[in-house]
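Q: Here's a structure for you.
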């Protein structure tokens, strides 16, 4: 059973209390210290009182600010180390993360990877660290808020003599008319917007108490931010997809469950004019073009009904938009960002059929590299048949032509050329800088006569319901810090001792401001100004006087 | 409730909640790779074959389906194609369906491939890769064995080694 | 006269006026006791004069800022020169606020010279009027960058005041760990000054030296040094005349033109040593001991309070600008509100550090000296984020 401590003034304080909640009498006091430590009003931290079950022990551990600061510093050190080498998401796309760190950074890189610093923010130990920090924030706040709230609620007007004397600001006035002076003091304090209470001729003035709740408000904000971070891992809360779309193509927007489709009409890449008067010098120094605009002109469609996967949906136009950096396209909680591009990818190749004997052309065909046709008619008995097509051509192990992928990185073709004089056709193999006649000498040949390229836009599709939670948390945090930092909790006690008036004053910060209030108070009431005993101490020490 | 007991309950609840939150987050981090796995319902789709006919997966309800994802440029895919073709020839088509999904290639490429390898089993074309994405296909070939109720019984990533292997797997899902 | 020219003249004027104000504030506090018998603050009238000079300097710097804005067509905070200059301006602004509240001369003695050194430091970087890349074309550039600079300016004021506190109270009668670290801080300031002097000297002499090397993107390129090479590029080949290199830079330095910057750092550190010892030999005592004599007049508890209040005022502003506004903009420009880019992480580190500072102060009772040391470390972190993260660690912010 915990023992309440009953103070002389009759107030019952919980075990562990340092200063009586009501009158402020020091219950457990270091007599040698001339100024009282007013942290948490000398109230009892709830966890200090009893230690029994394992739950209480865990609680006590995380209630300590020492533990809290340690966790903050551990997080600080961890993320600082995490910036020494790049995170795995920022290493070059073609690098193998398994070997990249060792190859690039040697033994340090190897350790970095082994300890999980390469994906720090998704490593289990970092998540645990943040979780423990969250626990510490919650536990320490509850543990301090409850008793502090109690102590501030139970304050009495009349304070114990020792409490008064041991404040940093303390002064005594020998008064001829104490009632009158106290009355004037009350008036002056009210003018300075203090809430003034009176009891047995003593005064207690207080303002800005709400600033004491600032830390708890901002800690609630932080907890909400952490919850927001965690919710990102909840299915459906966070969508992050990439969409590469060629000019002229339409595709379903990933992450939207085939509800939305996008057509990319054109990708625009603009640079600053190198002759621009304003920027001439900088552009010369940069040694190349500086980008001015990345933009994709797109049309967004919504699919009607709920088409089955793969089915051609009926599309209804939603809007046209120019998606630029800093100006994402927003629709239905989604954001579509212009995030990357590739310029001038091969799209179509044109070939001319030429009679080698007289260099006479017999028409031209255009082959769509993404969707070639089998037959191309040139008229007058000439036609071309595409026998085979290798978008990403190489010779495989057997020495046959093959394709590495379906991207037209290195297109190659086998054409059969039919002409009036060769009705059975001649075969021509064409690749970049290659023109072979694998089945003997031909009279005709295909000659590359033109290229059509097109750009590709890289989009990022996001839907993030956690943003609003994180944002709300951040706002609450800011309100909390502003509340705690931009306002001060000031208190002034005036106590009658016969014809003497004792005055003590306390603030949680900005003593200078409090002193200005006191200056006004003493000026109005004729009370003598209290002494700053901290300054006095240094002043005396430096002059070799006794403290 | 006695205040001290109440306090203990509150403390226990807060600590357990935090522990659960940390555990959940770590679990999600290690399981974030989305897949279509054994036991899942096979996502339904409609795709067109080389002749322009629409094929719908759910139309095969009551039959077992072997669903193969492949591309013409993929060497391991080429390797298993003859096995599949041979199995297809002797298949009980009333009970089992073989369907291959080509990933994102042109009609020309698919038709050419079918001619070259003499393929008769139905191939549908996933032009926009929507189906491929829905099945979270990583390396190809990937083959799903789907039972008569439309549930995935097995997923094989990589080239299947022999005809016998395919027959064995098919016999396991045959209704 | 072009707007760019006007803006340069204004900046020079600000530089001179701040230097002048430094001298005036120094005179105002020198040799005074912090209270005379009637409790009046020392050097009151001289200090007022110093403050007026500071205001004129600040107006001149605003002239620089707006003239450059009009010349450039966008708010001039988009490269290292512009940002650093603006940061010094915000530091002076913070000083002015604190001066109006506290009417205290001691704060000016270190704040203004630090602002002067920062302006000089900024001037070393290229001054050309640059266009904005697409990611920077946003109103958030104004909002985010100015708020961050203001927050950092106020937090730096805390460090300057903390340093005044330390110089005032640390016992200089015998060498100790504390005097060593104070001297180290003094040395760091001389390094910055040395950097400015060396850079301008070699720039004036048009010194350059060329290397062929493999740059951070893995391409072969030519790297031009504007100082003699002590550290050459990793596996670089000298293709012009000139000094050195004595040794190659480490291979893991991956920032833009990292070896050149590394070489500059070496020059500055060495120059700092030389400069430090020159000053010390002239003074015939530790620099901090000499400063202590000047600062006898300041009131230590008041310095402690101002230092803490600067953190109290600056911390929410920094959080708003450096984390909240930053996140909102990052969501628009880079598709995510937080992406663990090095600059973002170092803003978070700054935030965490000051959070620790506040917990130490409010819950563990770290006042006075301990708290002052922390505020100095805080400034080191801010400078690290400004200097090293941009110059050494590659990231999305490497344009700034």
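Q: Report the equivalent ellipsoid semi-axes for chain A in whole Å, largest first, defined as the square roots of five times the eigenvalues of the gyration tensor built from alpha carbon atoms.
A: 82, 26, 23
Q: Antiparallel as a % of all DSSP beta bridges within the protein assembly as shown, to the nearest 5?
A: The antiparallel proportion sits near 90 percent.
Q: So how do A:85-94, C:335-344, C:285-294 stack up, highest first, on mean other-Cβ count within 10 Å?
A: C:335-344, C:285-294, A:85-94
Q: Still on this model: Based on the Cβ-Cβ distance from residue A:249 to residue A:433, what FRET efficiency comes out when R0 is 25 Å, to the nearest 0.05?
A: Calculated value: 0.30.
Q: Treat each spin label as a single point 7 Å out from the Cα along the C-beta direction, and report the residue B:93 to residue A:53 distance in nm.
A: Roughly 7.0 nm, to one decimal.
Q: If you don't mind, another one. Over chain A, what is the mean sequence separation of C-alpha contacts under 8 Å (at least six apart), divided by residue count, expressed as relative contact order in percent?
A: Relative contact order, chain A: 18 percent.
Q: Still on this structure: How high is the FRET efficiency from residue A:343 to residue C:380, r the C-beta distance, R0 51 Å, rounded to 0.05?
A: Given R0 = 51 Å and the Cβ-Cβ separation, E is 0.70.
Q: Per the Cauchy relation, a quarter of the hull surface: what is the mean projected area of the convex hull of the alpha carbons in the range C:74-206, in nm²?
A: Spelled out: convex hull of the Cα atoms, projected over all directions, averaged, 10.6 nm².
Q: What length, rounded to one decimal in nm, is gained on full extension from residue A:368 through to residue A:240, with 0.36 nm per residue of separation minus their alpha-carbon distance?
A: Stretched out fully, the residue A:368 to residue A:240 stretch lengthens by 42.9 nm.
Q: Here is a follow-up. Kindly identify the range A:340-496 as rounded, prolate or oblate by the Cα gyration tensor criterion: order the square roots of the eigenvalues as a ≥ b ≥ c, call it rounded if a/c is under 1.5, otherwise compare a/b with b/c, prolate if a/b is larger, else oblate.
A: prolate
Q: In a Gaussian network model over chain B where Cα atoms closer than 10 Å are linked, find which of B:102, B:112, B:68 has the largest mean-square fluctuation.
A: Taking springs between Cα atoms under 10 Å, the residue moving most is B:112.
Q: Another one. Under 8 Å for C-alpha pairs, at least 6 residues apart: give me the relative contact order for the range A:38-153, rounded to a whole percent.
A: 43 percent
Q: Using packing as a proxy for protection, rank A:117-126, A:213-222, C:159-168, C:84-93 so that the peptide with the highest average count of other Cβ atoms within 10 Å comes first.
A: Top of the packing list down: C:159-168, C:84-93, A:213-222, A:117-126.
Q: Given N residues in the range B:22-119, what is its alpha carbon radius of gyration divided by 2.2 N^0.38 Å?
A: 1.36
Q: In the range B:152-175, which residues have a backbone nitrogen under 16 Å from the label point lying 7 Å from residue B:75's Cα in the Cα-to-Cβ direction?
A: B:158-160
Q: Could you let me know the centre-to-centre spacing of the range A:393-463 and the range A:58-128, using Cα atoms, in angstrom?
A: 49 Å
Q: Separate question: What is the extension gain from residue A:154 to residue A:543, computed as 0.36 nm multiplied by their sequence separation minus the C-alpha to C-alpha distance, in nm to one decimal?
A: Stretched out fully, the residue A:154 to residue A:543 stretch lengthens by 135.8 nm.
Q: Additional query: From the Cα gyration tensor of the range B:115-174, with a ≥ b ≥ c the square roots of its eigenvalues, which class applies: rounded if a/c is under 1.5, or else prolate if a/b is larger than b/c, or else oblate?
A: The shape class here is oblate.
Q: How many Cβ atoms of partner chains, on average, are near each residue of A:122-133 if near means within 10 Å of its Cβ?
A: Mean shielding by partner chains, rounded to a whole number: 3.
Q: What distance in nm separates the simple spin-label points at residue C:222 and residue C:197, each placed 7 Å from Cα in the Cβ direction?
A: Taking the simple label geometry, residue C:222 and residue C:197 are separated by 3.3 nm.
Q: Output the direction-averaged projected area (hull surface divided by four) of the convex hull of the alpha-carbon atoms of chain C, in nm².
A: 21.1 nm²
Q: A further question follows. Just to compare against my own numbers: the Cα pair-distance distribution for the range C:173-285, 5 Å bins, whole % per bin, please.
A: Over the range C:173-285, the share of Cα pairs per 5 Å bin runs 2, 12, 18, 19, 15, 12, 9, 6, 4, 2, 1, 0 percent.
Q: Along the Cα-to-Cβ line of residue C:71, 7 Å from the Cα, sits a label point; which residues in the range C:95-132 have backbone N less than 19 Å from it?
A: C:119-132
Q: If you don't mind, there's one more thing I want to ask. Using Cα centres only, tell me the gap between the range C:180-237 and the range A:239-278 in whole Å.
A: Each part reduced to its Cα centre gives a spacing of 41 Å.
Q: Expressed as a rounded percentage, what relative contact order does the range C:173-285 have, with Cα pairs under 8 Å and six or more residues apart?
A: This gives 29 percent for the range C:173-285.
Q: Right, something else. How high is the FRET efficiency between residue C:1 and residue C:240 when r is their beta carbon distance and R₀ equals 35 Å, given to the nearest 0.05?
A: The formula returns an efficiency of 0.40 here.
Q: Taking just the alpha-carbon atoms of chain B, what radius of gyration and Dmax come out, in angstrom?
A: 22.6, 83
Q: Residues in the range A:120-163 near a label at residue A:88, defined as backbone nitrogen under 17 Å from the 7 Å Cα→Cβ point?
A: What the label zone holds, given the 17 Å backbone N cut-off, is A:120-128.
Q: Compute the Cα gyration tensor for the protein assembly as shown, then decide on rounded, prolate or oblate, letting a ≥ b ≥ c be the square roots of its eigenvalues: rounded whenever a/c is under 1.5, prolate when a/b is larger than b/c in the other cases, and oblate in all that remain.
A: Verdict is prolate for the protein assembly as shown.
Q: At q = 0.20 Å⁻¹, what base-10 log of I(q)/I(0) does the Debye formula yield for the range A:38-153 when every alpha carbon is treated as an equal point scatterer in vacuo?
A: Result of the Debye calculation: -1.01.
Q: Is it possible to state the helix-based mean residue ellipticity at 222 nm for the protein assembly as shown, with each DSSP H run of 4+ residues giving -39500 (n - 2.57), the sum divided by total residues, to the nearest 500 deg cm²/dmol? What is it?
A: Mean residue ellipticity, 222 nm, calculated: -15000 deg cm²/dmol.
Q: Another question, then. Label-point separation (nm) for residue C:48 and residue A:12, each offset 7 Å from Cα along Cα-to-Cβ?
A: It works out to 6.1 nm between the two label points.
A short reminder: the numbers here are calculations on the coordinates, not readings from a lab. Here the structure is a predicted model, which means the values were calculated and not measured. So basically every Cβ, Gly included, is an ideal-geometry build from the backbone, and we count neighbours across all protein chains shown.
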